[in-house]
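Peer 1: Before we start, here is the structure in question, set down as structure tokens.
The values are calculated or read from the model by the stated rules, or taken from the named source; none is laboratory data. If you're wondering where the values come from, they're calculated on a predicted model, not measured in any experiment. We place every Cβ from the backbone using ideal geometry, glycine too, and count neighbours over all the protein chains shown.
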Amino acid sequence: MGRDLTPRKTFGYTKQKELQMTTTPVTETQKKRLIKPSRGQARFAFTILLIINILNYADRYVLSAVLPQIKHEFNMTDFQGGLLISSFLIVYAVTTLPIGIWADRGIRKNIVAICVGVWSVATTFAGFTRNLFQLFSMRSILGIGEAGYAPASLSLLGDFFSKTHRGRILSFWSIGTLIGAAIGVSVGGRIADTLGWRWAFYIVGIPGLIAAFLAWRIKEPKRGVFDTEEGESGENAADTSTAHGKIDQNFWGTARALLRIPTYWVLLGALTFSFFTIGGTSFWLTTYLTRAFSLSLTEAGSVSGIVLIVTGLTGTIIGGWLADFLQSRRPQGRMITSVLGFLLGAPLVLVALSIHIFPVFIGVFVVAAISLNFCTGPLNAVIQDVIAPDMRATAVGLALLLAHLLGDAAAPTVIGFISDISSLGTALLVTAPLFLFLAGLVSLIGVKTVASDMRRMQEQLRAR
């Protein structure tokens, strides 16, 4: 009996000791992995990333404010002016995906710092250019820098704030796009009128270099730190924390699956047509105001900036509220909101561009722009409604790539080409109402398909 008991005690002690030795490192690793950024670190990161987002769009839109002076100095046609705007957008659209993959693998705060530094140097150097080739080159480099900022910064914000706060944080961050665009066109026009167009690039570009240094000072958070539940095992925690760094090995298979969803085709069409109108009109608006109403660059830039920020905020808020209200009553609610925005905006833009009395034009154009901004939130929400979670990132990336390339990247050049043949007013009159109307018609098709695609997606999730 003694001989039998001794091995059992030894065996039990040994197994218990082995269990302690194997579980303790996992627990420590898990705790280390679950260390969350402090509130101060999160606030500092958000503040810097918001400032950078404002500078991002200020650098982007300052060209539209000073374009009349640049065209005069370099003796450019409207077609060449459109190409100058499109060069940035094309490079931006093409490089977003590969730099986004880099952001999934590298140190994101360093990527943000590098990208901000690159686009700020490119913006500043644009003021030193002496020919069109140099100016085109600087605007193209600007596209590379700005393409890398958004994926890395969005990923950072996702790891600085919990799921319950992300929606509000990203909404505040998105407001920076409107503030930046307004600053770009209003401040750019005023500087061009007083100091010349080159100084507009100097003044807008240099603050970005300071922001790049501050971005480098951000503490890099652990990936997925707020997506890992405390009750998960160390193995599952490791999977969650590294999932952000994985690249979809079956991209083309996912793309084929997306293109079999009818509503996704609708979204591609609606986004492309609406991006064309938004991109073309916003970039040519300042020039149009100087020609049609004989405003100075300061006056035209100030008006454009106020219109962009007021209509953007108002339209997004009203559209989001209306979409939620209708969606609570029928599954097509968000798509119906987009249809209303497009089909109301099309005739209003047509009427506005036919008016030659400035106060009346502004009144009608503001209402039209508010209607157009109805679609911002609802169309993005529809992607979430009809696409399975494991395909949503690919769905958004592919949709934005095509919408940018075929929409707002192409629009300035197309409008410039038509303007050279006739006039800028005619170019806007021909394109803006037409593409809004097409977006509305495509969205009408989505009203018929979205409910069935939502059911299909839910059935797929239940079957897993």
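Peer 1: Check Ala395, Ala369, Ala352 and return the single one that is out of contact with any strand residue (DSSP E or B) (no Cβ under 7 Å at 6 or more places or on another chain), over 29 Å from Leu285 (Cα atoms) and small (Gly, Ala, Ser).
Peer 2: Numbers: Ala369 fails: over 29 Å from Leu285 (Cα atoms); Ala352 fails: over 29 Å from Leu285 (Cα atoms).
So the residue among Ala395, Ala369, Ala352 that is out of contact with any strand residue (DSSP E or B) (no Cβ under 7 Å at 6 or more places or on another chain), over 29 Å from Leu285 (Cα atoms) and small (Gly, Ala, Ser) is Ala395.
Peer 1: Looking at Ile107, Ile90, Ile85 in this structure, which one is at pLDDT 70 or above and farther than 20 Å from Gly143 by Cβ? Step through it out loud before you land on a result.
Peer 2: Details: Ile90 fails: farther than 20 Å from Gly143 by Cβ; Ile85 fails: farther than 20 Å from Gly143 by Cβ.
When all the criteria are applied, what remains is Ile107.
Peer 1: Confirm whether Asp59 is surrounded by 23 or more Cβ atoms within 10 Å (Cβ to Cβ) and closer than 25 Å to Ile175 by Cβ.
Peer 2: Yes, satisfied.
Peer 1: Could you tell me whether segment 356-376 includes any residue that is within 19 Å of the chain's Cα centre (by Cα), hydroxyl-bearing (Ser, Thr, Tyr) and surrounded by fewer than 18 Cβ atoms within 10 Å (Cβ to Cβ)?
Peer 2: No, segment 356-376 has no match at all.
Peer 1: Which residues, taken from segment 37-46, are free of Cβ contacts under 8 Å to residues at least 40 places away in the same chain and either of a type in the set (A, V, I, L, M) or surrounded by 12 or more Cβ atoms within 10 Å (Cβ to Cβ) (or both)?
Peer 2: Arg43
Peer 1: Next up: Would you point out the residue of segment 126-138, among those that are assigned to a helix (DSSP H, G or I) and more than 25 Å from the chain's Cα centre (by Cα), that is surrounded by the fewest Cβ atoms within 10 Å (Cβ to Cβ)?
Peer 2: Selected residue: Phe133.
Peer 1: Right, next: If I filter segment 262-276 for residues that are surrounded by fewer than 19 Cβ atoms within 10 Å (Cβ to Cβ), at pLDDT 85 or above and out of contact with any His (no Cβ under 9 Å at 6 or more places or on another chain), do I get at least one hit? Reasoning before the result, please.
Peer 2: Within segment 262-276, the subset surrounded by fewer than 19 Cβ atoms within 10 Å (Cβ to Cβ) is 262, 265.
Narrowing further to those that are at pLDDT 85 or above: 262, 265.
Now drop any that are not out of contact with any His (no Cβ under 9 Å at 6 or more places or on another chain), which leaves 262, 265.
Yes, the conditions are met somewhere in segment 262-276.
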